[in-house]
Amino acid sequence: IFLYEGFRNPDFDGRLKGYQKAIDCYHTSKDKDDQLYGKLTEEQIKLEVLQKELEGSLQEPFSGMSISDTIFKLISLNQGKRANSLKSEFKVPDKRFWWIKIKALSILNDWEELMKF
Amino acid sequence: MGFLNLIADPQYLQSQGAEQIFPLKRGPLETNCKNVVYIVTPDIKYMHIITDQVKQHAMDGLKKEYSLVFVPRGTILCSRVLEEEGVLGNFTIHEFPLDIVPFDEDVLSLELGNSYKEYLLDGDRTSLFYVAKSLMKFQAMFGTIPVVKGKGQCSRLVMDMITRMRKEMGEEFTVPPEIDSLILIDRDIDTVTPMCTQLTYEGLIDEIYSIKNNAIFLDETIVNPSQQQQQQAQSTGKAIPPSGKKVPFPLHSNDKVYSEIRDTNFSILCGLLNKKAKDIDEYYKKFKSTQSITAIRDHMKKLASYQMEHNSLRIHTCITEEILDITKSSSFMKGIEAEQNLLAGVNLEAVERYLEESINKKDSIYKVIRLLILYNSTNNGIKPKYLEFIKREIIQTYGTEQILTFYNLEKLGLIRKSDPKPTFNVIRKELNLIIEDLNESNPSDIAYTYSGYAPLSVRLIQHAIRPSGWRSIEEVMRLLPGPTFEEIQPLPQGATTNVKSDRKPITLVYFIGGVTFSEISALRFLSRQDQANRDFIILTTKLINGNQMIDNFIEKLTPDN
């Protein structure tokens with residue numbers, strides 16, 4: 001429920017507080033699923049903080065995107081390094097990362113980079 | 001275009017004195033009429049539109065009289081909205097208690113899209129109450145239905161409600177019974193079928209264009225190509241470019257061509273259309289070669305109907321072409337292959353690979369969730385480790401709000417951790433759900449609707465109407481969720497059974513929680529079989545496909561308009 005409210009809060013700080021409450025809830029539960037959800041919500045906080053940073057440095061909107069979408073956008077913006085760090089930060093499996101990368105590069109028509117990779 | 005068009009078409013309203021008819025939409029309503037009638041379903045969204053329009057009129061200094069007709073009934077919430085906005089006093093409010101909406105000769109629906117979710121997720125029984133009420137109404141018109149069979153929690157509750165309502169009513173209907181049996185069936189008995197891609201013509205149209213209130217939206221150039229454009233296309237040899245404007249095209253059994261092809265498997269459709277085209281062509285040729293006046297007069301009589309058929313044939317050919325493009329694509333084929341593998345319980349690894357690939361490519365979330373639910377229900381759950389992996393993949397790809405989607409799905413048991421009992425295997429074997437070497441052009445089993453898989457729900461109905469009933473498959477019935485029951489409703493005195501021997505017995509089938517077009521096709525097929533020898537009338541809370549069914553559970557951040 002906290003999570004539900006959290007997502008709908010347009011204010012950045014308010015949203016984070018909502019997530020934190022949800023995480024606390026999840027952690028008090030012994031259920032393994034809830035533990036997983038707790039972890040994933042923590043990732044969401046990390047992601048939103050990161051997105052805010054990216055917005056600041058790249059002057060592009062990132063908020064509201066999923067992890068895959070963020071990586072996709074970073075590659076599209078020629079920010080390969082940042083994309084890589086996101087990959088390791090959120091433990092994105094190689095397979096999915098490649099898919100994202102191929103898609104992004106082919107849209108960019110960056111065949112050179114694609115060949116290298 | 002709402003379902004209102006199904007019961008009152010614009011011509012009828014016009015004949016009753018309506019001067020102008022507007023579909024309700026945002027923005028000011030510009031009309032010179034003094035009386036304005038709003039016909040709406042009770043939805044707060046609409047209330048706001050209406051208040052805005054009324055206020056606008058007041059600002060412009062226009063004096064009008066407003067009426068508001070709620071279909072099927074008004075809610076306190078809606079009145080409150082109007083009250084808070086200070087416009088309630090402007091309205092004369094009526095209710096039009098339309099609960100059962102007829103969709104076709106044999107299909108009726110309550111159009112309660114959320115009933116499945118409301119009961120199972122939120123524990124809200126309102127929609128079940130409507131189901132019971134609609135059955136009472138049916139019985140008031142066609143007599144008490146002597147035999148009732150049912151399966152599932154909701155069905156049981158509905159049955160109890162009917163029994164109570166009958167007692168409370170005291171007086172019995174004295175109409176002789178015209179329907180000899182009723183089968184109540186819960187959607188959650190069979191969550192496998194709606195998750196599969198429907199492969200009948202009508203089912204595919206629904207999957208691709210999504211049929212809303214018996215109509216689909218097609219490009220204008222397909223439905224009404226103008227003369228000029230046609231000539232142009234003929235002279236240049238180029239196809240007419242799509243105009244981008246969408247117009248509604250009705251799908252109904254009044255359309256002769258459509259009623260013949262709607263229930264067939266898509267793979268044989270081309271042949272059928274071809275034959276039909278030849279028939280019409282032949283007719284035109286014959287017409288040209290006729291000499292005598294009487295023969296011409298005879299032909300003229302038929303000409304109109306042939307022309308209508310011709311037109312609908314042309315449109316259906318266009319639709320078929322578009323669908324063919326999609327069904328031939330490798331991604332569609334791969335999806336079907338994955339579904340078939342799951343249903344047959346083979347080659348699970350390939351399915352898992354496909355599922356991951358779909359997520360990685362970020363295919364539509366509907367597709368992914370549907371496949372996952374199908375995976376879950378055919379494998380009696382998902383291994384915890386794999387489930388955790390998939391959850392992570394989905395949430396990282398589609399966004400963290402999908403945690404809430406999983407929460408919903410888990411609560412409903414549509415996704416759960418595997419338990420060791422091979423339930424679905426037993427059901428599949430006992431009920432003979434997978435039919436190999438199937439002849440699609442001359443099918444002998446309902447499995448043709450899904451190219452080899454017989455929809456579980458319809459198979460249960462098939463067993464129910466046999467003399468031995470569900471007793472012969474007791475083991476399977478125990479494996480399916482919810483109670484099974486069979487009850488005899490005592491007939492009131494004075495209403496003796498006068499089953500006319502010249503008519504097939506009628507069974508009313510009630511799908512609580514929705515029914516797919518393919519299941520309807522399968523039932524129609526069943527009634528044509530000799531061994532069944534009965535007609536079915538299908539009643540449901542909503543006509544659905546897999547996407548609509550899971551739409552209620554998928555969490556969306558942006559509220560849909």
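The values are calculated or read from the model by the stated rules, or taken from the named source; none is laboratory data. Values in this document were obtained by computation on a predicted structure and should not be read as measured data. Cβ placement follows ideal geometry from the backbone for every residue including glycine, while neighbour counts extend to all protein chains displayed. These accessible areas exclude ligands, DNA and RNA; they are computed on the full protein's heavy atoms, side chains included. Shrake-Rupley method; radii C 1.70, N 1.55, O 1.52, S 1.80 Å.
Details
- Counting only protein chain heavy atoms and rolling a 1.4 Å probe, the accessible areas of B:Met136, B:Met300 rank, largest first, as B:Met300, B:Met136.
- At R0 = 51 Å, FRET efficiency that the Cβ-Cβ distance of B:Glu436 and B:Asp281 yields, to 0.05: 0.85
- Of the whole protein surface, B:Ile434 contributes about 50 Å² of accessible area at a 1.4 Å probe radius.
- Measuring r between the beta carbons of B:Glu321 and B:Lys361 and using R0 = 22 Å, the FRET efficiency lands at 0.25.
- Amide H to amide H, with H built 1.01 Å from N, B:Leu108 comes under 5 Å of B:Phe103, B:Ile538, B:Leu539, B:Thr540, counting only residues 5 or more places away or on other chains.
- Phi-based couplings in Hz for the stretch B:326-337 (Karplus 6.51, -1.76, 1.60; Gly and Pro marked x): 6, 5, 7, 5, 5, 5, 5, 4, 4, x, 4, 4
- Which of B:His94, B:His463, B:His316 is most accessible, then next, and so on - probe 1.4 Å: B:His94, B:His463, B:His316
- 3J(HN,Hα) along the stretch B:343-358: 5, 7, x, 10, 6, 4, 4, 4, 5, 4, 4, 5, 4, 4, 4, 4 Hz, from the Karplus curve 6.51 cos²θ - 1.76 cosθ + 1.60 with θ = phi - 60°, whole Hz, x for Gly and Pro.
- For B:Leu218, nonlocal amide neighbours, meaning residues 5 or more places apart or on other chains whose placed amide H falls under 5 Å from its own, are B:Val247, B:Phe249.
- The phi torsions of the stretch B:201-212, fed into the Karplus equation with coefficients 6.51, -1.76 and 1.60 and a -60° offset, translate into couplings of 4, 4, x, 5, 4, 5, 5, 8, 9, 6, 6, 10 Hz, rounded to whole numbers, with Gly and Pro shown as x.
- Multiplying the residue separation of B:Met136 and B:Ala58 by 0.36 nm and removing their Cα-Cα distance gives an extension gain of 23.6 nm.
- Residue order for B:His310, B:His57 - accessible surface, 1.4 angstrom probe, largest first: B:His310, B:His57
- Total formal charge among the other residues, if their Cβ is under 15 angstrom from that of B:Ser468, Lys/Arg +1 and Asp/Glu -1: 0
- Label-point separation in nm, B:Glu65 to B:Ser418, each point 7 Å along Cα→Cβ: 7.0
- Cut-off 10 Å between beta-carbons: net charge of the residues surrounding B:Ser521, Lys and Arg +1, Asp and Glu -1: -1
- Between B:Ser67 and B:Val36, B:Val37, B:Tyr38, B:Thr92, the built amide H atoms are under 5 Å apart, and every one of these is 5 or more places off in sequence or on another chain.
- Subtracting the Cα-Cα distance of B:Glu84 and B:Arg471 from 0.36 nm times their residue separation leaves 133.6 nm of extension gain.
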